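Asker: Pasting a structure here, questions to come.
The values are calculated or read from the model by the stated rules, or taken from the named source; none is laboratory data. Keep in mind that what you see is a predicted model, and the values were worked out from it rather than measured. For neighbour counting, all protein chains shown are included, and Cβ atoms are generated from backbone atoms with ideal geometry for every residue, glycine included.
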Amino acid sequence: MKLIRPLLFHFLLYCATETLGVKIQSVPGVNSEGVIQTELEKTVSLVCQSDGDHESQADEELVWKRNGAAISLTEENKKGHSSVCVTPIIYEDNGATFTCHLSKNATVTASVTLNVTLEEEAVLVLQCDIWANPPVFSVSWKLNGSTVDLLAGGFSVTNDGLTSRLTAKKMKKSLHEGTYQCTAESPIYGGHSKQFIVAVTEKTLKVPLMPMIAGLVVVCLTALLAIASRWDKITKCCK
């Protein structure tokens, strides 16, 4: 009996450990550092499920958060298996951390972070929410600590009182990569800033595969038809 109790204790401990766990699966996949690489206008699908025995999974209620803020879920999307879809991907999703945890135990958690990459010649749009009462009296944009050079970088800034947008129509790695900072100054609340880290990759040459295949098929068929039409002459020459 002395040998059975420790074994039974370890078995129960193992079951409890298996039940109290969550894991996140994603499309596209997540790397070993918990980062999902994606691009603008793409879709990221996240699925969280309790990682334990099958019977307990169906009863575990799950909670999703984005950067610490709760995501609203339907009741049928909470128990044991919960999905979140991020579409279309915008640049504000860059660096966003999605966390899933058990409702009854927030320490049992799993998380992934989005990394949105931009190609050269893509359109860059950065946005700051600046609504305040009383209104802010100034909004400034900086790139790598210096005031954004609108002319040199081909930037434009718009401000509708609610948001301030910094736009560049054709990005270049040498001009647009770096850390951006938007700062809004309020007469009551002082200055508040938001940062964006923009990584630009070199534009890849995308070869249109289907037109190439179609062209090769046409060339091959033309050659075969030419051979077939002159087959008699070819056979006579070979005799």
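Asker: One residue is enough: does segment 109-130 have a residue meeting the conditions closer than 26 Å to VAL27 by Cα and free of Cβ contacts under 8 Å to residues at least 24 places away in the same chain?
Answerer: Checked segment 109-130: no residue is closer than 26 Å to VAL27 by Cα and free of Cβ contacts under 8 Å to residues at least 24 places away in the same chain.
Asker: Still on this structure, I have one more. For residues in segment 80-108 being in a loop (DSSP other than H, G, I, E, B) and touching a residue at least 40 places away in the same chain (Cβ under 8 Å), which is farthest from LYS173 (Cα to Cα)? If you could, list the steps in order and put the result at the bottom.
Answerer: Filtering segment 80-108 for residues in a loop (DSSP other than H, G, I, E, B) gives 80, 87-90, 94-96, 103-104.
Adding the requirement that they be touching a residue at least 40 places away in the same chain (Cβ under 8 Å) leaves 87-90, 94-95, 103-104.
Values: THR87: 26, PRO88: 23, ILE89: 21, ILE90: 19, ASN94: 17, GLY95: 19, SER103: 43, LYS104: 46 Å.
Filtering first and then ranking leaves LYS104.
Asker: Also: If you check LYS142, LYS170, which single one turns out to be in a strand (DSSP E or B) and either touching a residue at least 24 places away in the same chain (Cβ under 8 Å) or surrounded by fewer than 12 Cβ atoms within 10 Å (Cβ to Cβ) (or both)? Steps first, please.
Answerer: Numbers: LYS170 fails: in a strand (DSSP E or B).
Selected residue: LYS142, the only one of LYS142, LYS170 that is in a strand (DSSP E or B) and either touching a residue at least 24 places away in the same chain (Cβ under 8 Å) or surrounded by fewer than 12 Cβ atoms within 10 Å (Cβ to Cβ) (or both).
Asker: Looking at THR99, is it surrounded by 14 or more Cβ atoms within 10 Å (Cβ to Cβ) and not assigned by TED's automatic domain parsing to the domain that holds THR179? Let's see the steps before the verdict.
Answerer: Details: surrounded by 14 or more Cβ atoms within 10 Å (Cβ to Cβ): yes; not assigned by TED's automatic domain parsing to the domain that holds THR179: yes.
Yes.
Asker: Taking segment 43-73 as the region of interest, how many residues are in a loop (DSSP other than H, G, I, E, B), at pLDDT below 85 and not aliphatic (A, V, I, L, M)?
Answerer: The first filter runs over segment 43-73 and keeps only residues in a loop (DSSP other than H, G, I, E, B), leaving 43, 51-53, 58-60, 67-68, 71-73.
If we keep only those that are at pLDDT below 85 as well, we get 51-53, 58-59.
Those still in the list that are not aliphatic (A, V, I, L, M) too: 51-53, 59.
So the count comes out to 4.
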